[in-house]
Amino acid sequence: MATIGLELCDAGFEAVMCAGGTLQPITGSSPGAIGDWPGFAYHDGQRFTYGRAAEDQWFVHPRRVAHTFWSRLAHEPSTLGPAGRLAPLSELAFNFFREFQQRVATAAAGDKFVLAVPGAYLKDPATEEEKIGLLLGIASELTLPLAGIVDLAGAALCDPRSAGFNPALPVLVVDLHLEGAELTLFATEAHLERKDYLHLPQAGYAQLLKQLTGTMGNRFLRHTAFDILEDGRIEQLFFRQTKDFLYSNAAEHRFQINTANRGYEMLAKRDQLAADAQIFVGTLVTAIQTFLRNTAEPAEPCTVALSDRAARLPGLEAKLRAAGYLRLLRLPAGAGAAGAAHIGESRLKPAQDLADVPVETSLPLALAHRFAAALWEVRLLKDRAGASRRIPTHAIIDGVGVELGHAPRFTIGIAALAVDLVLPETFHRAEDCAVPLARDGGRLWFTDPTLPRSGPPTAAQAVRTAIEAGDRLVIRCGDATREILFAHIKSPDSGRAGS
């Protein structure tokens, strides 16, 4: 029995088949096939066209093209259709999906399907009821043997092809769609569970590609004295080259425009593309920082997982590292579809009644692709509720307080390493388990000792965190876990735990 996972992302729908534990991306052999199917619809006055062919009319006939029907999936009317009858957004989505599914069926046969849907569809009960209801209606009309619907970001973390993440830390998935960006925070304890979500409108590929086409077009005008805006077809051709350049990750690209009279060329460097995108990328990184600071539960440190779409942004990874996010995971292309197929094969069966199709934002951690964690892990949890940010005097473990003193370093770890605070014997199988806290400027500072020491000094400094009263240090070694509380005590009694 083969399971097919479908990734419903308007920046480009994806399909992956899973059979016998083997994943196989379902692609087409020509432009506009399955592997190049963005959420565009075009109406020429008589008939509709979808996907790549519709996108190829975006700059030629902008008023005849729609690209928001997936992000706004609803019964309300779109801007397209014959005179006197504008097609509903849901109708555009249905016909788009039907044509996409026909292409999938031509390339591969599946006994059951799992849909990986944008997080925006699941942001609250009312939205979920409307959008999932419409998807179930589409599946019913197409007699699709649907087995489940999963959050796209969660499905992407279940792609067995990825490098995997460390389950000791929460994971933030950053994804770019056509009409916006999505930030999804997952807890990684007993389950891979969505804890927080943020949608950033006007921060998707539609806005970015329009901007990059314009800035590259201005550069082309200065270089060749030819204005790409003089004809919509030429602007469309230039847009296609800009998109191909962005998606290729190539170091350079030669833009070429040929007219009846002569040809025009310009060699562009990726550094120029990065410069054009820097405001877009900077805004996204700022949004990530703000989101992680404002989550209901402590989210830093964390792993930042970038979808393939997000990772294509020039300069994004470098900006994240400079901001102190050193645990970066780049997910494979089609990770949502692959994860959905893997989840479907592992635990889902086609529903006899579509009303019984499960919708999941929490998945068993065993389904997620994790790398083999180190023997031990450590995480600092900041006390957000504390009104006073006092300098701690003691570290408390198992009800016993240990004075922090004034030495340049205070170390927590196993007894064999001659530390200041000794962990229980259950931690001793990790021979290098030691967490040194450095004193600087009258404060103790935490730097994760499990991080690689490579990278620029600015990145290392960015992850150094001041320890304050009320903060907690969580150390795990296999099944053993200890939480160390930092406290400010006016008249401390000195002592050594574990001695």
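The values are calculated or read from the model by the stated rules, or taken from the named source; none is laboratory data. Keep in mind it's a predicted model, so treat the numbers as computed, not measured. Neighbour counts are summed over all protein chains in view; Cβ atoms, including those assigned to glycine, are modelled from backbone coordinates with ideal geometry. Side chains are part of the model used for accessible areas, which takes the heavy atoms of the whole protein and leaves out ligands, DNA and RNA. Shrake-Rupley method; radii C 1.70, N 1.55, O 1.52, S 1.80 Å.
May I ask you to verify whether G148 is open to solvent by less than 20 Å² (accessible area, probe 1.4 Å), more than 14 Å from H75 (Cα to Cα) and not in a strand (DSSP E or B)? No: the conditions fail for G148.
Filtered by the rule that a residue be farther than 17 Å from D448 by Cα and of a type in the set (F, W, Y), the stretch 399-432 gives a lone residue, F427.
With the stretch 1-110 as the region, which strands (runs of 3 or more DSSP E) entirely inside it contain at least 2 residues that are more than 22 Å from S140 (Cα to Cα) and of a type in the set (S, T, N, Q)? Per the criteria, 22-25. Scan the stretch 86-96 and tell me whether some residue there is touching a residue at least 12 places away in the same chain (Cβ under 8 Å), more than 27 Å from A15 (Cα to Cα) and buried (at least 22 other Cβ atoms within 10 Å of the Cβ). So far as the stretch 86-96 goes, no, none of its residues is touching a residue at least 12 places away in the same chain (Cβ under 8 Å), more than 27 Å from A15 (Cα to Cα) and buried (at least 22 other Cβ atoms within 10 Å of the Cβ). When the residues of the stretch 464-499 are filtered to those that are basic (K, R) and modelled with pLDDT of 90 or more, which remaining residue is nearest to A190 (Cα to Cα)? This residue is R482.
Of all residue pairs spaced 6 or more apart or on separate chains, those with beta-carbon atoms under 6 Å, a first member in the stretch 399-424 that is basic (K, R) and a second member that is not in a loop (DSSP other than H, G, I, E, B) are R409/P436; R409/A438. Would you please name the residue that is surrounded by the most Cβ atoms within 10 Å (Cβ to Cβ), looking only at residues in the stretch 104-136 that are free of Cβ contacts under 8 Å to residues at least 24 places away in the same chain and over 26 Å from the mean Cα position of the chain (by Cα)? By that ranking, first place goes to A105. For the stretch 234-269, which positions are of a type in the set (S, T, Y) and under 29 Å from the mean Cα position of the chain (by Cα)? Result: T242, Y247, S248. So, in the stretch 323-372, of the ones that are of a type in the set (D, E, K, R) and closer than 30 Å to T465 by Cβ, which residue ends up surrounded by the most Cβ atoms within 10 Å (Cβ to Cβ)? Looking at the filtered set, the residue picked out is R327.
Restricted to the stretch 343-436, the set of strands (runs of 3 or more DSSP E) holding at least 3 residues that are modelled with pLDDT of 90 or more, in contact with an Asp or Glu (Cβ under 7 Å, 6 or more places away or on another chain) and closer than 21 Å to A147 by Cβ is empty. Residue pairs whose Cβ atoms lie under 9 Å apart, separated by 6 or more positions or on different chains, with the first residue in the stretch 244-267 and assigned to a helix (DSSP H, G or I) and the second open to solvent by 70 Å² or more (accessible area, probe 1.4 Å), are F245/E252. If you check G110 against the conditions, is it at pLDDT 95 or above and at negative phi? So G110 fails the test. Please determine, by comparing only the residues of the stretch 230-246 that are loosely packed, with under 15 Cβ neighbours inside 10 Å and under 16 Å from W58 (Cβ atoms), which one is modelled with the lowest pLDDT. Taking the candidates together, the pick is D231. Within the stretch 315-322, none of the residues are part of a loop (DSSP other than H, G, I, E, B) and charged (D, E, K, R).
Residues in the stretch 228-266 that are in contact with a helix residue (DSSP H, G or I) (Cβ under 9 Å, 6 or more places away or on another chain) and among the aliphatic types (A, V, I, L, M): I228, L229, I234, L237, L246, A250, A251, I257, M266. In the stretch 195-216, the residues that are under 23 Å from Y121 (Cβ atoms) reach residues that are open to solvent by 60 Å² or more (accessible area, probe 1.4 Å) with C-beta atoms within less than 6 angstrom, at least six apart or across chains, in these pairs: Y197/K123.
In the stretch 187-203, of all residues being small (G, A, S) and not in a strand (DSSP E or B), the one that is most open to solvent (accessible area, probe 1.4 Å) corresponds to A190. Of the residues examined, A163 is not one that is in a loop (DSSP other than H, G, I, E, B), aliphatic (A, V, I, L, M), open to solvent by less than 40 Å² (accessible area, probe 1.4 Å) and farther than 20 Å from W58 by Cβ.
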